[in-house]
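To start, the structure itself, in structure tokens.
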Amino acid sequence: MVDPLGLLLAVMVTAADVGDRAAAQILLTQVTAAHHLPALVWADGGYTGSLVEYCLAALALVLAIVKRSDDMRGFFVLPKRWIVERFFAHLMRSRRLVRDFERSIAGAEAMVYWSMTMLMTRRVARPRPSRA
């Protein structure tokens with residue numbers, strides 16, 4: 001889960017037999033407990049169904065689904081989806097995350113946190129252009 005700037009809020013790596021909606025329920029519960037309560041969460045079409053009602057009833061947050069229109073052909077940039085895609089591109093710049101080398105779920109999550117820590121420290125340390 002990333003914020004609107006594309007910075008990591010939380011990561012959850014699961015086994016292949018865990019569905020995205022079930023994992024999203026757990027992740028959203030953890031995020032709302034650890035961070036300030038988000039009012040709105042954007043998700044893609046794979047998270048429709050009971051997860052939308054769960055978020056509203058149990059967590060008091062709105063889960064907005066960003067869907068692709070049925071009449072679109074080819075590639076189109078979807079609103080808000082580019083934030084997550086940019087996040088994935090940053091992760092792929094870390095060589096260790098290009099392939100699945102980790103043997104444990106905790107190790108895989110730690111590598112994502114490590115990669116995003118490197119990105120965030122580079123952003124903070126980057127010299128700013130002078131405004132003269």
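The values are calculated or read from the model by the stated rules, or taken from the named source; none is laboratory data. These numbers come from a predicted model, not from an experiment. So basically every Cβ, Gly included, is an ideal-geometry build from the backbone, and we count neighbours across all protein chains shown. Quick note on the areas: whole protein, heavy atoms, side chains included, nothing else; ligands and nucleic acids left out. Shrake-Rupley method; radii C 1.70, N 1.55, O 1.52, S 1.80 Å.
Largest first, the residues Leu61, Leu56 sort by 1.4 Å accessible area into Leu56, Leu61. Between the beta carbons of Val124 and Ala89, assuming R0 = 25 Å, the FRET efficiency works out to 0.80 to the nearest 0.05. Computed over the alpha-carbon atoms, segment 8-55 gives an Rg to Rh ratio of 0.94, Rh here being the Kirkwood radius from the mean inverse distance.
A cut-off of 5 Å between modelled amide H atoms, ignoring neighbours fewer than 5 places along the same chain, links Leu9 with Val2, Asp3.
Solvent-accessible area per residue for segment 16-70 at a 1.4 Å probe radius, Å²?
Per-residue value: 62 Å².
Helical content alone sets the calculated 222 nm signal of the chain at -13000 deg cm²/dmol, taking -39,500 (n - 2.57) per DSSP H segment of four or more residues and averaging over every residue.
How much of the accessible area of the chain, probe 1.4 Å, is carbon plus sulfur, in whole percent?
Details: 5680 of 9460 Å².
Summing carbon and sulfur atoms, their accessible area is 60 percent of the total for the chain.
For segment 1-124, the Cα gyration tensor yields ellipsoid semi-axes of 24, 19, 16 Å (square root of five times each eigenvalue, largest first, whole Å).
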